Amino acid sequence: MLASASASASFLPRPKPKPHLLKRLASALTPPSPLSPSTGADPDPDQDPTPLFLRPPAHPVPAPSLAAFRRRAAALVPPSAPHLHRHLRWLLADAAHDPDADPALLRAPLGDLEALWLRHVRDRRPFQYVVGNEHWRDLVVAVREGVLIPRPETEAVVEMVGRVEGFEAGWWTDLGTGSGAIAVAVARMLGPEGKVFATDVSEVAIEVARLNVQRYGMQDKVQIRHGSWFEPLEDLKGKFMGVISNPPYIPTDDLPGLQPEVGWHEPKLALDGGKDGLDHLLHLCEGLSSVLKPGGFFVFETNGNKQSEFLVDFLSTKWDSSFHDVEAVLDFADIKRFVTGYRR
Amino acid sequence: MARALLRIARCYSPLSSPTPRLPPPLHRRASPPLRFLSVSLSSPSPAESAASSDGPSDVRKGEDGRSGWDDHLAMSDDELMGQCEMGTFKASGPGGQHRNKRESAVRLRHRPTGIIAQAVEDRSQHKNRASALSRLRTLIALKVRKPINLEEYTPPVELLQILPLKSTIRGKDAGPQIGPNNSKFAPGMQALLDLLFAVEGSVSEAAKILGLSTGAVSRLILSDDSLRIAANELRAAKGLKPLK
């Protein structure tokens, strides 16, 4: 199906999009409406804050109509972009209860699906925001505009927590939890005494994290607290076995050069790390001693090599009396992505 | 489709990175492409199941210096994973928060045998790792030959389980016949190839030992594309005609 559509796109002159696609496209060029400041399309096909993949499959669409949609949608992306054809397949997998049924039961009207697809391929809206989830580790994490999409690199953080002796019984905190991906993944590994306290200053993040915690039935293990970094943890000082954080770490000057999917659509709040990208990381380092138990573990994600090296040097020289075994840990691309260590 | 999938292996988000570092090219097996158990019939493609081996097909000695034959297929996923180096397709650029990249290819290199298995088509790295591991098991079954002493040979239970019920050596306790879509097919397939290797590729000799007709063993070999290809390579090395 995809192959035939993309093959025809390479042999024929650019196929004419259907009138309603053109209309959506035209509307994408008009100034953004106040209702959807971040995406610029009107009307907004996803006013419903429920992620697409969690909505009820309540819109029957005859198989030929869905097939025609597939062809139109595939024709909008060049055959040279196989990842976009894969995204189309995943969009249908998430949007339809069974994409091959006749009629297929969609989780959104077909017109909305067309608009969503255009948002992705024309407006460069991240695919994860379009379908409302990211497959991360063995989880399907709900996401939406306003929370950072969890990155594959960050999966390793959960592994590092799992290697800490006695982690199962400890209390952990995930600072700036965003979607709650790390908090849920860690909570699922914990024993009956283990807990995760997840904080975030963003109200959208709190909502999304709450949804993800519920979806995985972790309400008893994960406590979500609204506030900046350590602020909501005043009553838990010195109680934590571990501190985890993937804070904003991109230097402000690098923000304009980001890939559009990231720079145009993901929250600056979750990306902007200040002048050197270290503002939040340094703040987190400063707070470690007051929340960690003696012997407690910490892991931070960083912008990579230089930032990690700086933090390792900083923690093991200036604060040598407070921490030990501070080291930079490589990600799967051999970039020094993480800084880990223990409180003395 | 096949062409689109071929590109998956070298796929990267074309959005902001002009020259991604591509993985070193893999040796592709000569056509026809191997089909793996976890790949559906409708989309056999070398890119989905690209595989290669740095080593000879009857690996006796691993890089770690251990000699002798290890039963890799009897290992748990964790144990097998422990023998692997995991590589992913490295993207250029800073990664992390800078990048939106849904593709999460995984490439496993099994140190003792040099066999490489990869998976690219799933949505999470986690699932790709599981697919790559399952492919690795298949490739080990196909490529790693265990020497057999025919004098003292009795077919292992893994092999009995994939034989058709009419086999005269197959006891009732072997249970129903396990087919190519079952994950337990790989160890049986490995044992069958071990036997075929020991009898120098002769299907009729193997059939005698397995209590089956030559035709029944041929049909078993032909029931799975990767098994057929491996068996025919083995026969070709002995100067025998391919099974069709």
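Side notes on the structure shown:
- Residue within region A:283-302 that is in contact (Cβ under 8 Å) with a residue 12 or more places away in the chain and among the acidic types (Asp, Glu) present: yes
- Matching residues, region B:91-134, being charged (D, E, K, R) and either at pLDDT below 90 or over 14 Å from the mean Cα position of the chain (by Cα) (or both): B:ARG99, B:LYS101, B:ARG102, B:GLU103, B:ARG107, B:ARG111, B:GLU121, B:ASP122, B:ARG123, B:LYS127, B:ARG129
- Residue count, region B:103-118 (criterion: within 14 Å of chain A (Cβ to nearest Cβ) and either in contact (Cβ under 8 Å) with a residue 60 or more places away in the chain or closer than 26 Å to B:LEU195 by Cβ (or both)): 4
- Strands (runs of 3 or more DSSP E) contained entirely in region A:93-172, each with at least 2 residues that are within 12 Å of chain B (Cβ to nearest Cβ) and under 21 Å from A:VAL213 (Cα atoms): A:133-136, A:139-142
- Number of the condition not met by A:PHE323 [criteria: (1) touching a strand residue (DSSP E or B) at 6+ places or on another chain (Cβ under 9 Å); (2) more than 25 Å from A:VAL147 (Cβ to Cβ); (3) at pLDDT below 95]: (3)
- Residues that are surrounded by fewer than 24 Cβ atoms within 10 Å (Cβ to Cβ) and of a type in the set (Asp, Glu), drawn from region A:101-134: A:ASP102, A:ASP112, A:GLU114, A:ASP123
- Per-region count, region A:208-244, residues assigned to a strand (DSSP E or B) and surrounded by fewer than 21 Cβ atoms within 10 Å (Cβ to Cβ): 3
- The residue list A:LEU311, A:LEU211, A:LEU271 contains one member that is touching a strand residue (DSSP E or B) at 6+ places or on another chain (Cβ under 8 Å) and either within 14 Å of chain B (Cβ to nearest Cβ) or without any contact (Cβ under 8 Å) to a residue 12 or more places away in the chain (or both), which is A:LEU271.
- Applying a threshold of 9 Å to beta carbon distances and a minimum spacing of six or more residues, or different chains, the list of pairs starting in region A:239-261 at a residue that is under 21 Å from A:ARG124 (Cβ atoms) and in contact (Cβ under 8 Å) with a residue 40 or more places away in the chain and ending at one that is in a loop (DSSP other than H, G, I, E, B) and among the β-branched types (Val, Ile, Thr) reads A:GLU261/A:ILE149.
- Per-region count, region A:162-186, residues at negative phi and surrounded by fewer than 24 Cβ atoms within 10 Å (Cβ to Cβ): 9
- Options B:ARG219, B:ARG137: the member that is out of contact with any strand residue (DSSP E or B) (no Cβ under 8 Å at 6 or more places or on another chain), surrounded by fewer than 19 Cβ atoms within 10 Å (Cβ to Cβ) and not in a loop (DSSP other than H, G, I, E, B): B:ARG219
- Residues of region A:218-254 satisfying the condition of being out of contact with any strand residue (DSSP E or B) (no Cβ under 9 Å at 6 or more places or on another chain) and closer than 15 Å to A:SER179 by Cα: A:GLN219
- Tally, over region B:155-193, of residues that are out of contact with any helix residue (DSSP H, G or I) (no Cβ under 8 Å at 6 or more places or on another chain) and either farther than 20 Å from B:SER218 by Cα or at pLDDT 95 or above (or both): 2
- Cross-chain or 6+ apart pairs with Cβ under 7 Å, region A:136-149 first and within 16 Å of A:ALA187 (Cβ to Cβ), then β-branched (Val, Ile, Thr) and not in a loop (DSSP other than H, G, I, E, B): A:ARG137/A:VAL158; A:LEU139/A:VAL184; A:ALA142/A:VAL208
The values are calculated or read from the model by the stated rules, or taken from the named source; none is laboratory data. From a predicted model like this one, the values you see are computed outputs, not experimental measurements. Cβ: placed from backbone, ideal geometry, glycine included. Neighbour counts: every protein chain shown.
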